[in-house]
1. For residues that are touching a Gly at 6+ places or on another chain (Cβ under 8 Å) and within 18 Å of Arg84 (Cα to Cα), scanning just segment 1-23, find the one that is modelled with the lowest pLDDT.
2. Among residues belonging to segment 175-193 that are of a type in the set (S, T, N, Q) and crowded, with 17+ Cβ neighbours inside 10 Å, point out the one that is nearest to Ala110 (Cα to Cα).
3. Would you pick out the residues in segment 95-108 that are within 12 Å of the chain's Cα centre (by Cα) and either polar (S, T, N, Q) or assigned to a helix (DSSP H, G or I) (or both)?
4. Kindly evaluate Ala92 against the criterion of being over 17 Å from Asp159 (Cα atoms), in a helix (DSSP H, G or I) and out of contact with any helix residue (DSSP H, G or I) (no Cβ under 7 Å at 6 or more places or on another chain).
5. If only one of Phe55, Phe111 is modelled with pLDDT under 95, within 16 Å of the chain's Cα centre (by Cα) and either within 23 Å of Val157 (Cα to Cα) or surrounded by 13 or more Cβ atoms within 10 Å (Cβ to Cβ) (or both), which one is it?
6. So if I check each of Thr67, Thr98, Thr72, Thr32, which one is among the β-branched types (Val, Ile, Thr) and closer than 24 Å to Ala187 by Cα?
7. Among the residues of segment 58-84, count how many are surrounded by 20 or more Cβ atoms within 10 Å (Cβ to Cβ) and either on the phi > 0 side of the Ramachandran plot or aliphatic (A, V, I, L, M) (or both).
Amino acid sequence: MARAGRCAVTPANRGRARLIAVDGIDAGAVVTAAKAVLASPSGGGISKWDASGVFQDLAVADHDAGTPSARTLLLLYAADLAFRLRWQIRPALAEGRTVVAAPYVATAIAFGRAAGLSNAWLANLFGFAPRPNARIFVQGAGGARNSAGADGFVTFVCDRIAGGGAKRTRRRLIESTALYLRQADRAMARARN
């Protein structure tokens, strides 16, 4: 989505605006699900992680920069999400459009839990994010790159923490993140019933 200016919410567009969260491990599955949501004529768009470019900068950082902690990576994700909300999500919602956030908060929280961070810290970190109108959890081949070869958020951060070479640590983090996402999905299903 291109950057949009501020737009006042009017009675005419107030009811149509929707924020839909698509969360999951597999980058390709998340993007495919996001596109499927927008296949209907919604006049919306997709807000993808790293819209701010902070993770692109991290990807090209010199090796001497060291290995970031899970807490640091989640702080960067929160900063990127704040950027997405400011420049993509809120302006589109104000115009009455549907926005699909791919991924949104549940993926980051699941990764944080897999990395051993507390629920309280994660809830506090992402407390600024508005609740989505709908949530979609996608299953996929955990940690795979999408069809364009790009990493998803979970793959990217697990590679950074594991240093790219510790396959066991990377696999454990990905599997644990997938487990926490499945638990979040089941909790949402129970809440709906």
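The values are calculated or read from the model by the stated rules, or taken from the named source; none is laboratory data. No experiment lies behind these values; they were computed from the predicted model shown. When we count neighbours, we look across all protein chains shown, and the Cβ atoms used for this are built from the backbone with ideal geometry, even at glycine.
1. It comes out as Met1.
2. If we take residues in segment 175-193 being of a type in the set (S, T, N, Q) and crowded, with 17+ Cβ neighbours inside 10 Å, then Thr177 is nearest to Ala110 (Cα to Cα).
3. Those that are within 12 Å of the chain's Cα centre (by Cα) and either polar (S, T, N, Q) or assigned to a helix (DSSP H, G or I) (or both): Val105, Ala106, Thr107, Ala108.
4. So Ala92 fits the description; yes.
5. Phe55
6. Thr32
7. Summing the residues that are surrounded by 20 or more Cβ atoms within 10 Å (Cβ to Cβ) and either on the phi > 0 side of the Ramachandran plot or aliphatic (A, V, I, L, M) (or both) in segment 58-84 gives 3.
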